[in-house]
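Here is the structure we will look at.
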Amino acid sequence: MSQVSPTSGLRPTDLQMKKLIYQGYILTNSDGLTDSWTLTIGDQRRVGSLFELRRQINFHQELGVLPPPKAAYQEERAPQATHSRNPVPNKRR
């Protein structure tokens, strides 16, 4: 049985929102999952892993824009994935 801390009123197993400041941007995680961190820059919001969001912050600082969300990028590439990787037919021996 877990005990309640007298100072916080929370059990050790209760989830708390985590916040991280990376290069002046606040990353938050309310779920406790590794891929549910949230980043807000201006009116754009991104959700992903810390690695991905840190990469997007670096991209934004270098170029001044955020890269497209991963889902949009994958949707753009989906039609290309239907083509054969090797357009040259195999030779018969």
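Which of the residues that make up the stretch 13-52 are among the aromatic types (Phe, Trp, Tyr) and within 16 Å of Val65 (Cα to Cα)? Scanning the stretch 13-52 gives a single hit, Tyr25. Applying the set (1) of a type outside the set (S, T, N, Q); (2) at pLDDT below 90; (3) touching a strand residue (DSSP E or B) at 6+ places or on another chain (Cβ under 6 Å) to Ile57 leaves exactly one unmet item: (2). Residues that are in a helix (DSSP H, G or I) and of a type outside the set (Asp, Glu) within the stretch 52-69 comprise Leu53, Arg54, Arg55, Gln56, Ile57, Asn58, Phe59, His60, Gln61, Leu63, listed in sequence order.
Summed over the stretch 33-51, the residues that are touching a strand residue (DSSP E or B) at 6+ places or on another chain (Cβ under 8 Å), surrounded by 12 or more Cβ atoms within 10 Å (Cβ to Cβ), outside any loop (DSSP other than H, G, I, E, B) and not aliphatic (A, V, I, L, M) give a count of 5.
The values are calculated or read from the model by the stated rules, or taken from the named source; none is laboratory data. The structure presented is a predicted model; accordingly, all values stated were derived computationally and were not measured. Cβ coordinates were reconstructed from backbone atoms using ideal geometry, including for glycine residues, and neighbour counts include every protein chain displayed.
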